[in-house]
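The values are calculated or read from the model by the stated rules, or taken from the named source; none is laboratory data. Computed from a prediction, not measured in an experiment: that's the story for all the values here. Methodologically, a virtual Cβ is constructed for each residue, glycine included, from the backbone with ideal geometry; neighbour enumeration extends over all protein chains shown.
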Amino acid sequence: MAEQTTVTQITEKIDGTKETERQLAFMEKAAGYVQELSEKLGRKPTCCVVTFGCQMNARDSEKLSGILEKVGYELVENEEADFVIYNTCTVRDNANQRVYGRLGYLNGLKKKNPHMKIALCGCMMQEPSVIEKIRKSYRFVDLIFGTHNIYKFAELLTAMFEADGMIVDIWKDTDQIVEDLPVERKYPFKSGINIMFGCNNFCSYCIVPYVRGRERSRNPKDIIREIEKLSEDGVKEIMLLGQNVNSYGKNLEEPITFAKLLREVEKIDGIERIRFMTSHPKDLSDELIQVMKESKKICRHLHLPLQSGSTEILTKMNRRYTKEQYLALAEKIRREIPDMAITTDIIVGFPGETRADVDETIDVINKVQYDNAFTFIYSKRTGTPAAAMEQVPEEEVKENFARVLETVQQTAKKRAALLQGQTLSALVEDVNDQDPELLTGRLSNNMIVHFKGEKELIGQIVPVYLKECHGFYYLGERV
Ligand code: SAH
Ligand code: SF4
Ligand code: F3S
């Protein structure tokens, strides 16, 4: 079988507007192939997009879904589909292992459905060792592409229909942003919006800068235009996405701060709630605190990854703040905006981390009183500086992890209990999974509340009385 060319080196120069037109033309071409397939099958072909990883990947999946829908596929949740695409993550090794595990299952499905196509994309595909492994051991995959050329999905889809071997197209980096391609949102009432791509921070444990490339900010005009369109379309809550939103705009031709962007977004009619992810503590400005404080729309939730409470470990992590600086920042936020929920990410088991270092982390958790925290066991990522440092024995890591987790759960419970008896607005997101009589809403501070109500309320922001605290969520009543 003929194998298609692999492009691994390119940082292609493209003209954004022309490229959008080119891709729209490929969508028409792909639609022709999907139509042919549809006639062969006697039904509309189905496709399933599976997302691993973070909000950025979730947003990318909405872009993939937009194109798939446009070319004539029916989107389904089930992997027993005519086209399955895995949008992968590689931030920790367990994310990779899950993909390999599920690929075995897909192979079984493909044997039963001769028309089935399988594609892989996302962060994991930016690692050469992964591509090598898939080429060798997962020959049944039809299409592989990376994070930098996702805008070319329509073109690659067309190539996939025309080829009879595996197509691999991976770029090392890009400085391009292609606007205005179709998007299929998961929720009609809320949406993520990329404000920047990539990361320049190179925290020593993290693979993201290697697989997502250098930091690029979108033009504020494009962002505002996209949000205005979303608002016209009924979206009430938006989440501005970037690996470090606090450094947004620094490298634009006309530099602008993240705080200024937020002020502009605030003015958009119809948008009632604004969230953002993620804030790096080293770049969080007083201007931003002021904007958050004055805003009627910015949600009372700040995700402020700590990673470690030990200054020594923070230095080795290349986080560029000390324990004291972090604590001072958290204190300032709590003082200025008392109802702001603060959540965090913590890594346990970074190379060289001692029990005393973990005690420092626990000290920060107790002082900040996080509303919630994601705790991760350090995962060695090939190619990052930390991978070459001396690793901590597994037993020690497990014990420290348990101590950190327990502390986090205690503070989260305490913070949650403070809301008892208040009436707060909740954006109704869904019918409750377990009890169809209940709706699930999200408070401004990101906490979940379940309450009785009709499903017609989905997408609306309603006041809810917080009656009973159940640790991490509330049972409430609509008032
Ligand atoms: N840009 C964001 C984080 C993106 S990755 C930020 O700086 O906050 C999300 C989280 O995954 C990180 O905050 C970190 O806690 C965790 N993480 C990243 N690399 C990791 C690794 N090698 N092992 C364990 N956790 C990791
Ligand atoms: Fe990774 Fe650090 Fe960049 Fe976040 S800021 S994506 S942790 S390198
Ligand atoms: Fe994973 Fe890529 Fe996000 S590695 S966490 S999906 S940026």
With K117, K152, K70, K63 as the choices, which residue is within 30 Å of K18 (Cα to Cα), touching an Asp or Glu at 6+ places or on another chain (Cβ under 7 Å) and more than 16 Å from ligand 1 (Cβ to nearest atom)?
K117
Among the residues of the stretch 333-352, write down those that are more than 16 Å from ligand 2 (Cβ to nearest atom) and either in contact (Cβ under 8 Å) with a residue 60 or more places away in the chain or under 20 Å from E394 (Cα atoms) (or both).
D339, M340, A341, G352
The stretch 380-423, subset small (G, A, S) and without any contact (Cβ under 8 Å) to a residue 40 or more places away in the chain, residue surrounded by the most Cβ atoms within 10 Å (Cβ to Cβ)
A387
Looking only at residues in the stretch 302-330 that are free of Cβ contacts under 8 Å to residues at least 24 places away in the same chain and either acidic (D, E) or under 19 Å from N200 (Cα atoms) (or both), which one is farthest from ligand 2 (Cβ to nearest atom)?
E324
Name the residue that is nearest to ligand 3 (Cβ to nearest atom), counting only residues in the stretch 183-217 that are assigned to a loop (DSSP other than H, G, I, E, B) and β-branched (V, I, T).
I207
Does the stretch 105-120 include one or more residues that are polar (S, T, N, Q), within 16 Å of ligand 3 (Cβ to nearest atom) and either at pLDDT 95 or above or outside any helix (DSSP H, G or I) (or both)?
no
Does I342 fit the bill of being part of a strand (DSSP E or B), of a type outside the set (K, R), modelled with pLDDT of 95 or more and within 16 Å of ligand 3 (Cβ to nearest atom)?
no
If you take the residues in the stretch 234-274 that are closer than 18 Å to R214 by Cα and among the charged types (D, E, K, R), which one is nearest to the chain's Cα centre (by Cα)?
K250
So which residues in the stretch 135-144 are without any contact (Cβ under 8 Å) to a residue 24 or more places away in the chain and not small (G, A, S)?
K136
If you check T361, T322, which single one turns out to be within 27 Å of the chain's Cα centre (by Cα), within 14 Å of ligand 1 (Cβ to nearest atom) and either of a type in the set (S, T, Y) or within 29 Å of P128 (Cα to Cα) (or both)?
T361
Residue count, the stretch 248-282, condition in a helix (DSSP H, G or I) and surrounded by 18 or more Cβ atoms within 10 Å (Cβ to Cβ), comes to 6
